[in-house]
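The values are calculated or read from the model by the stated rules, or taken from the named source; none is laboratory data. Computed from a predicted structure; not experimentally measured. Positions of Cβ are backbone-derived with ideal geometry, glycine not excepted, and every protein chain shown enters the neighbour counts. Accessible surface areas use protein heavy atoms only, side chains included; no ligands, DNA or RNA. Shrake-Rupley method; radii C 1.70, N 1.55, O 1.52, S 1.80 Å.
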Amino acid sequence: MTDRILIAPSILSADFTRLGSEVEALSALEADWVHLDIMDGHFVPNITFGAPMCRALRPVSGLVFDAHLMVAEPAKWVPAFAEAGADVITIHREADPHAHRTLQLIRSLGKKAGVALNPATSENDIEYLLDDADLILVMSVNPGFGGQKFIDAVLPKIERIRNMCAKRGLDPFIEVDGGVNEKTAKLCRDAGANVLVAGNAVFKAPDRAEMISILRGN
Ligand code: DX5
Ligand code: ZN
């Protein structure tokens, strides 16, 4: 497991009127990844933005672009995000009966392949996908909106996934997304997560750099 904890601010909570400068500023704040929440109004009850936004933002930042696809039939959209400059492309297990094939598609396009689990989805649902995933995203809220309360019940799931992977000699990124703040970040790190998404915690903080450092556990 990577010792370093990576922080991925979710731009869903950024100021949309000046998204370019919000993303550009993240490097100086020592964020590691830029988390892009893609919602289609079908898989989740909200709509955000698509691949054109990813493409537009790509030139303003050298950070890893982490595209979280909360969309039905994600395989249809994978090539567009790969072409738009996403580095990590994560699909939801619940949205794709052919998740194995889609993860392979993502890797074939030279990108890191992620699979996400809603709070109600068991880690058993990814048991046969582990070899094909570079990242497991454990949702700690029901996807659709920023600013929700962290669901503590997912903590044992993070630990089980970390153990499942270790037993198989695998070391994927384990990312947690939803309600991550000063308090819950520590719980996630202790459970074995090494990528923490944070929307409101970072973008609504008076001192964003300080918050990023606190979330990382420094
Ligand atoms: C929820 C999104 C999250 C969300 C995180 O559907 O996937 O990335 O924006 O926001 P916070 O950290 O505010 O819960
Ligand atoms: Zn997300």
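One line per residue, one yes/no per condition, for (1) at positive phi; (2) at pLDDT 95 or above; (3) of a type in the set (Gly, Ala, Ser); (4) away from ligand 2 (no atom under 16 Å from the Cβ):
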{"position": "Arg18", "(1), (2), (3), (4)": "no, yes, no, yes"}
{"position": "Val64", "(1), (2), (3), (4)": "no, yes, no, no"}
{"position": "Phe81", "(1), (2), (3), (4)": "no, yes, no, no"}
{"position": "Arg101", "(1), (2), (3), (4)": "no, yes, no, yes"}
{"position": "Ile106", "(1), (2), (3), (4)": "no, yes, no, yes"}
{"position": "Gly110", "(1), (2), (3), (4)": "yes, yes, yes, yes"}
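Kindly list the number of the only condition in (1) β-branched (Val, Ile, Thr); (2) farther than 21 Å from Phe203 by Cα; (3) open to solvent by 70 Å² or more (accessible area, probe 1.4 Å) that fails for Ile106.
(3)
May I ask you to list the residues in segment 126-150 that are within 16 Å of ligand 2 (Cβ to nearest atom), open to solvent by 30 Å² or more (accessible area, probe 1.4 Å) and not charged (D, E, K, R)?
Asn142, Phe145, Gly146, Gly147, Gln148
If I ask for residues that are under 25 Å from Glu94 (Cα atoms) and aliphatic (A, V, I, L, M), which ones from segment 8-43 would you list? Let's see the steps before the verdict.
The first filter runs over segment 8-43 and keeps only residues under 25 Å from Glu94 (Cα atoms), leaving 8-13, 33-43.
If the condition is that a residue be under 25 Å from Glu94 (Cα atoms) and aliphatic (A, V, I, L, M), then Ala8, Ile11, Leu12, Val34, Leu36, Ile38, Met39 are the ones that fit.
Go through (1) loosely packed, with under 15 Cβ neighbours inside 10 Å; (2) in contact with a Leu (Cβ under 9 Å, 6 or more places away or on another chain); (3) closer than 23 Å to Asn194 by Cβ; (4) not acidic (Asp, Glu) and name the single condition Gly20 misses.
Result: Gly20 passes all but (3).
If I ask for residues that are in contact (Cβ under 8 Å) with a residue 60 or more places away in the chain and either part of a loop (DSSP other than H, G, I, E, B) or under 19 Å from Glu182 (Cβ atoms) (or both), which ones from segment 2-20 would you list?
Across segment 2-20, the qualifying residues are Thr2, Arg4, Ile5, Leu6, Ile7, Ala8, Pro9, Ser10, Ser13, Ala14, Asp15.
Any residue in segment 107-130 that is β-branched (Val, Ile, Thr) sitting within a Cβ distance under 6 Å of a residue that is in a loop (DSSP other than H, G, I, E, B) and at pLDDT 95 or above? List the pairs, counting only those 6 or more apart or interchain.
Listed pairs, sorted by first residue: Val115/Ala133.
Anything in segment 131-173 that is touching a residue at least 24 places away in the same chain (Cβ under 8 Å) and among the charged types (D, E, K, R)? List them, or say none.
Selection gives Asp131, Asp132, Asp134, Lys149, Asp152, Lys157, Glu159, Arg160, Arg162, Arg168, Asp171.
Can you say whether Ile11 is within 14 Å of ligand 1 (Cβ to nearest atom) and farther than 24 Å from Pro79 by Cα, as far as the supplied structure shows? So that I can check it myself, show each step before the final result.
Values: within 14 Å of ligand 1 (Cβ to nearest atom): yes; farther than 24 Å from Pro79 by Cα: no.
Judged against the criteria, Ile11 is not a match.
Among residues belonging to segment 151-184 that are closer than 17 Å to Ser10 by Cα and surrounded by fewer than 20 Cβ atoms within 10 Å (Cβ to Cβ), point out the one that is nearest to ligand 1 (Cβ to nearest atom).
Asn181
For Ala51, all conditions in the list (1) open to solvent by 60 Å² or more (accessible area, probe 1.4 Å); (2) more than 23 Å from Ala198 (Cβ to Cβ) hold save one; what is the number of the exception?
That leaves (1) as the condition not met.
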